[in-house]
Amino acid sequence: MDLPTFLIQLLNAVQYGLLLFLVASGLTLIFGIMGVINLAHGAFYMVGAYLAFALTGLTGNLLFAILLGIPLAFAFGALLEWLLYAHLYKRDHLEQVLLTYGLILIFEEGRSLLFGDDVHGVDVPALFAASIPLTDTLSYPVYRLVISAACIALAAGLFLLIRRTKLGMVIRAGSHDRDMVQALGIDIDRTYRIVFALGVALAAFGGMLAAPVSSVYPGMGNQVLIISFVVVVIGGIGSVTGALVASLVIGLADTFGKVLVPEYAGLAVYLVMAAVLLWRPEGIFRRG
Amino acid sequence: MTATPIIEGRDLHTYYGASHILRGVDFTVSRGEAVALMGRNGMGKSTLLKSLLGLVRPQRGEVRAGGENVTAQPTHRIARRGIAYVPEGRGIFPNLSVRENLVMAARSGARGQREWTLDRVLASFPRLADRIGHAGDALSGGEQQMLTIGRALMTNPDLLILDEATEGLAPLMAREIWAIIVAIRASGIATVVVDRNHAAVTALADRAVILVKGQVVFSGTATELRAKPELLHTHLGV
C-alpha cells in the first residue's frame, strides 16, 4: 500500500470510528447508567438518516435538515423515554430486550410505510462538496473531513458535559447510587430523560451525517447496532472514554481488515473483540 | 398556634415484603429541635427515616412536610422541602471527587437561604479541604462521613437526618464528628440523630423517641428520659 492510499484509509477508518462513537456513546450511557439494554439504539441512527433525507427534501440543504433534525430527535427521545423506557429501569434484561426489539420492528415497518423500501441518496451540502487532491488520481472528499470534525467537536462537548458540569456529576453519581441522588433533592428521573434523549440525538446525528456517504436504506440501523455493542463491550460498559477508544480501534480494524485481508474482513472486528476480552474481560476502561 | 413541623409521620405502617416493620409510628420534628431516635438493631429506625423521605413507601399512614401531605411525592420533592439525609453506611459517590460530591448537591434551602457554600463547608471540614481533588473512595471512613455531612449541608437544609453517623469510626474520629453535629445543631438546623452512643445522643437532643418492634414505646423530652434510666435499660439494653 502506498502512502496516499494508506492516508486515505486511515482517514476513512477514523471517520468511521468517530461516527460509530456517536451511536456507541449513547448506547453505553443508557446501558451503564440506566441499566437498559437498548436494542433500538441502531434504529435511532436509521431515524436520523431518514430524517436527513426527508428534511433535506423539504429544506433543500442537509445543513438545515441537521439543524432541524437534532432538536426533533432529542424531543423524540424524551417522549419515548417518558412513554416507554422509564418503565424499564427496574425490569430485567429480558423484558428490556423484548420491548426494544419490538421497537426495531415498529421503526422498520414505519420506515417502510413512510419511505418505501428503496435506497435513497442525500446530497452533500454544496459548501462541502469539494475534494482535496492528494495525487494525480487520488483525492479526498471534504465532506468526510467535516464528518470527523463534527464528531470530534461533539465528543469534546460530551466529555466536558460529563466531566465538568453539574449535570455530568449527577449522571455519574446516579450510576452509582440513585436513591442517594434523589435524597439530595435532585430529580433523577429528569436526569435520565435528558441522558436518554441525548443518546437518541447523538445516534440520530450520526445517521444524518452518514446519510450522504452511506445512502439511506432499510435495515441500516441493525449493522450499526451490532458494531456499537461490540464497541461498548470493548470499551467497558458505561465508559464514554472507553467508547471513544474502542470506536477508533474498531474503525481501524474494520477499514484495514477490508483492505488487507478482504476475504476475512467481516471477522476482523470480532477478532479484536475476542482479543480485548481475553486481555481485559471488563473492557479497556472500567466504568466511570 | 404551634409552628408547623418540618416533617411529620402519622400512623406509619411500612413493610419489607411480608414483614411488617413499622406498626403505626407517629414521629414529628419541629424547626430547630434535635430529636434522638433510639432503639436496638432491627427495630425500624432506618425504615422510619426512609419512610419519611419516600425512599420506601409506607402502606398506610401519612407523611407531611411543611404542613402538606407528601406521602406520594417523589423523594427529591420531599428533600427539597429542606430535609437532608446522611444514610447509614454513608452513601458518598466513590466515583466523584470530594469537590464534585459537594458541588453536585449545592442548592439554596427551602426558604431560599444560602448560608452553606463550598467555602464554608470546606472551612468547617479542613480535612476535606486537604483532599478536595481525591476520589470519594480514597478517603478514610471518618473523612467519608464528613463528606456526607458536608454534602448534606450544601443543600442548606432545615433538618439534617443522621443515621448512625459515627458507626465504625475510631473514637477520636467519632468525637470529631460529634463536635460537628453539636455545631450544626447550635447553628439552628434541626437534627434527627440515630447513634449507639446513647449518652452523647441524649445530651444533644431536646427530645427522644424509642422504637421497639416498629412501635413507639417512649416519646418525650431528653430530661424525662434521663430521669428514667430504666427505660434505656429495658428497651436498649444499657
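The values are calculated or read from the model by the stated rules, or taken from the named source; none is laboratory data. The shown structure was predicted, so the numbers you read here are calculated from the model rather than taken from an experiment. Cβ: placed from backbone, ideal geometry, glycine included. Neighbour counts: every protein chain shown.
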Check: If you check A:ALA265 against the conditions, is it free of Cβ contacts under 8 Å to residues at least 40 places away in the same chain, within 30 Å of A:ASP123 (Cβ to Cβ) and in a helix (DSSP H, G or I)?
Finding: yes
Margin query: Tell me yes or no: at least one residue of segment A:214-233 is closer than 18 Å to A:GLY32 by Cβ and within 14 Å of chain B (Cβ to nearest Cβ).
Written below: no
Margin query: Please go through segment A:167-182 and give me each residue that is closer than 22 Å to A:LEU244 by Cα and at the interface with another protein chain (Cβ under 7 Å from one of its Cβ atoms), ordered by number.
Written below: A:MET169, A:VAL170, A:ARG172, A:ALA173, A:HIS176
Check: So, in segment B:146-165, of the ones that are crowded, with 23+ Cβ neighbours inside 10 Å and away from chain A (no Cβ under 14 Å), which residue ends up modelled with the highest pLDDT?
Finding: B:MET146
Checklist line | Residue match in segment B:120-128 (condition: hydroxyl-bearing (Ser, Thr, Tyr) and away from every other protein chain (no Cβ under 13 Å)) | finding: yes
Check: Looking at segment A:148-166, which of its residues are within 14 Å of chain B (Cβ to nearest Cβ) and in contact with a Leu (Cβ under 8 Å, 6 or more places away or on another chain)?
Finding: A:LEU161
Notebook entry, point to check: Mind checking whether some residue in segment B:166-177 is among the β-branched types (Val, Ile, Thr), closer than 27 Å to B:THR155 by Cβ and either at pLDDT 90 or above or surrounded by 17 or more Cβ atoms within 10 Å (Cβ to Cβ) (or both)?
Noted result: yes
Check: Any idea which of A:LEU161, A:LEU145 is surrounded by 12 or more Cβ atoms within 10 Å (Cβ to Cβ) and in contact (Cβ under 8 Å) with a residue 40 or more places away in the chain?
Finding: A:LEU145
Next item on the list: Determine, yes or no, whether A:GLY185 is in contact with a Lys or Arg (Cβ under 8 Å, 6 or more places away or on another chain) and within 14 Å of chain B (Cβ to nearest Cβ).
Entry: yes
Checklist line | Enumerated helices (runs of 4 or more DSSP H) restricted to segment B:119-238, each holding at least 1 residues that are closer than 27 Å to B:PHE27 by Cβ | finding: B:141-153, B:171-186, B:198-204, B:222-227, B:229-236
Note to self: Quick check on segment B:60-76. Is at least one of its residues in contact with a Phe, Trp or Tyr (Cβ under 8 Å, 6 or more places away or on another chain) and at pLDDT 95 or above?
What the structure shows: no
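Across segment B:211-238, which residue is farthest from the chain's Cα centre (by Cα) among those that are farther than 13 Å from B:VAL201 by Cβ and hydrophobic (A, V, I, L, M, F, W, C)? Please lay out each step first, then the result.
Within segment B:211-238, the subset farther than 13 Å from B:VAL201 by Cβ is B:211-221, B:223-224, B:227-231, B:233-235, B:237.
So of that shortlist, the ones also hydrophobic (A, V, I, L, M, F, W, C) come out as B:211-212, B:216-218, B:227, B:231.
Numbers: B:LEU211: 16, B:VAL212: 19, B:VAL216: 18, B:VAL217: 20, B:PHE218: 19, B:ALA227: 25, B:LEU231: 23 Å.
Within segment B:211-238, the match that is farthest from the chain's Cα centre (by Cα) is B:ALA227.
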